[in-house]
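The values are calculated or read from the model by the stated rules, or taken from the named source; none is laboratory data. Note that the coordinates shown come from a computational prediction; the quantities given were computed from them, not determined experimentally. FYI the Cβ positions are ideal-geometry reconstructions off the backbone, even for glycines, and counts take in every protein chain you see. SASA here: full protein model, heavy atoms, side chains in, ligands and nucleic acids out. Shrake-Rupley method; radii C 1.70, N 1.55, O 1.52, S 1.80 Å.
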Amino acid sequence: MTAFAEYVAARGTSLLRLAHLACGSREEAEDVLQTALERAYRNWNRLRQDADPEPYVRRIIVNTAISRARRRAILRIIPTGALPEVPVAGPDSGVELRQVLADGLRLLPPRQRAVVVLRFWEDLSEAQTAETLGCSVGTVKSQTAKALAKLRGLIVVEEVSSDV
């Protein structure tokens, strides 16, 4: 299993980033990644020697994040966020936009969040995203459109409220 250890050492940080973006919190991302790596380890011998394990592990991460979000919704355990801080005007407006986007990602339904993360952070094509999520390319397109519309609405609201 040295191949698995080498894979985790080489790709662990980017896998954690994917899990963080898919979940919305670092603590949950660490749990999701640990679960995903455990599942990947159990099935590591089934992967072909010449196959790239990345799509397989990504799919496990995304599916685990979606399952956990569904479970939370079913149990009605909805975490409350901290009160927003008043943004400080300055040259770091990119930092504010990044925070708005991160908050917006947390508000998206799990499937839409997964599509946005895979398409724009992981830079996967629509076909690769569809394969990772186990759905059609049309579903990826519609989920992306809905997610981007919701994110655009959040950004406009933020810009209007910061001008007041």
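Of all the criteria given as (1) of a type in the set (Val, Ile, Thr); (2) open to solvent by 50 Å² or more (accessible area, probe 1.4 Å); (3) at pLDDT 85 or above, the one not satisfied by Val57 is (2). Just one of the numbered conditions (1) outside any loop (DSSP other than H, G, I, E, B); (2) at pLDDT below 90; (3) open to solvent by 70 Å² or more (accessible area, probe 1.4 Å) is not true of Leu21: (3). Candidates in the stretch 120-130 are the residues that are assigned to a helix (DSSP H, G or I), open to solvent by 10 Å² or more (accessible area, probe 1.4 Å) and at pLDDT 90 or above; of these, the one that is nearest to Pro55 (Cα to Cα) is Gln128. Applying the condition of being among the hydrophobic types (A, V, I, L, M, F, W, C) and closer than 23 Å to Leu101 by Cβ to the stretch 24-53 and asking which residue is most open to solvent (accessible area, probe 1.4 Å) yields Leu33. For the stretch 98-106, check the following and say yes or no: at least one residue is among the polar types (S, T, N, Q), at pLDDT 85 or above and either open to solvent by 50 Å² or more (accessible area, probe 1.4 Å) or in contact with a Phe, Trp or Tyr (Cβ under 7 Å, 6 or more places away or on another chain) (or both). Taking every residue of the stretch 98-106 in turn, none turns out to be among the polar types (S, T, N, Q), at pLDDT 85 or above and either open to solvent by 50 Å² or more (accessible area, probe 1.4 Å) or in contact with a Phe, Trp or Tyr (Cβ under 7 Å, 6 or more places away or on another chain) (or both).
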